[in-house]
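Q: Quick one: the structure is below, and I'll ask about it shortly.
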Amino acid sequence: MFQAIYEAVKKIPKGKVATYGQIAAAVGHPRAARLVGYALHVNPEPGVIPCHRVVNREGRLAPAFAFGGAEIQKRLLESEGVEVNADFTVDMKKYCV
C-alpha cells in the first residue's frame, strides 16, 4: 500500500497541496489518513516523492515533518509558489488540488 501512496503523492502538481485524507481516498482506503502520514514519514525517496505537498485537512503543515520540521516543509512549499501563513497553514481554497 505504501507504493500506491507514493504514486498518488507524485501526482500532486507543483504549487498545490493535498490532504492525507485525499491521498488515502485516492488509493482506495478513505479511512487510512494516519497510514498515509506514516508512509510519508518513512518516505524512501524524499527528492522524488514530494511529501512536503501533503497537509492536514485544515491546511496545517506537519509539526514533525520527517525531513526537517515545519520550517523546511514551509520553505519547500514556498519555493513552489505556495503561500504559507505565519501559523504554518495553507489556504486550502487556493492551493488544494
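Every number here is computed from the coordinates shown, using simple stated rules; none is lab data. Quick caveat, the model's predicted, so the values are computed rather than measured. As a convention, Cβ positions derive from the backbone with ideal geometry for all residues, glycine included, and neighbour counts pool all protein chains shown.
Q: Kirkwood Rh, the chain, all Cα pairs: how many Å? Working shown, then result.
A: Values: mean 1/r = 0.0773 Å⁻¹.
After inverting the mean inverse Cα-Cα distance, the result is 12.9 Å.
Q: Pop out the Kirkwood hydrodynamic radius of the stretch 1-49 from its pairwise C-alpha distances, inverse of mean 1/r, in Å to one decimal.
A: About 10.6 Å, per the Kirkwood formula over Cα pairs.
Q: May I pose another question? Rank-order 2-15, 20-33 by packing density, defined as the average count of other C-beta atoms within 10 Å over each peptide's residues, highest first.
A: 20-33, 2-15
Q: Still on this structure, I have one more. Among THR19, THR89, rank each residue by its count of other Cβ atoms within 10 Å, from fewest to most, as a rough exposure measure.
A: Fewest to most other Cβ atoms nearby, the residues stand as THR89, THR19.
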